[in-house]
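Have a look at the structure below before the remarks.
Derivation of every value follows stated rules applied to the coordinates shown; laboratory data play no part. Quick caveat: nothing in here was measured; it's all calculated off a predicted structure. Neighbour counts run over all protein chains shown; Cβ positions are idealised from the backbone, glycine included.
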Amino acid sequence: MKDNNLRIVGNNGELLALDFIVNKGFTIIEHNYRFGRLGEIDIIAQKENLIVFIEVKTRFSKRFGGALYSIGPKKRNRILKTAKKFIAANDKLFTKETVFRFDLITIENNTITWLEDIIRH
């Protein structure tokens, strides 16, 4: 039951993040993009020539460092590999002017924080 509750909290957080991103002028390209068992990217969004791969983390407390500290090396590598697969599978969407960025949206105590460029690659 606890896992189901966590899934509901996560899904609700992603819906809040989707609305937040659209209100910032972005178009949603993908939501919960999966590449097999390799990994998942919560949101892929575009604004002009910027493509943003967004991880969404919803937390009720800063216990264990809060949402910001939830992206460890293993998660980072899975996000990068999944993004590369997305780019390879959708190469017609991109031009040489396209800029890619990896962001984190945290939702803690109903406060949304957008942290840009969390992964340099």
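Separation of the alpha carbons by more than 26 angstrom is noted, of LYS57/LYS92; LYS57/LYS84; LYS47/LYS96; LYS57/LYS96, for LYS57/LYS92; LYS57/LYS96. Take each peptide in 103-112, 27-36, count the other Cβ atoms within 10 Å of every residue, and average; sorted highest first, the result is 103-112, 27-36. Here the Karplus relation 6.51 cos²θ - 1.76 cosθ + 1.60, evaluated at θ = phi - 60°, turns the backbone of segment 76-90 into coupling constants of 4, 5, 5, 5, 4, 5, 5, 4, 4, 5, 4, 4, 4, 7, 10 Hz, with x for every Gly and Pro. Could you work out the mean projected area of the convex hull around the alpha carbons of segment 67-106, in square nanometres to one decimal? Orientation-averaged projected area of the Cα hull: 3.4 nm². Modelled this way, with points 7 Å down the Cα-to-C-beta line, the labels at GLU116 and LEU38 are 2.8 nm from one another.
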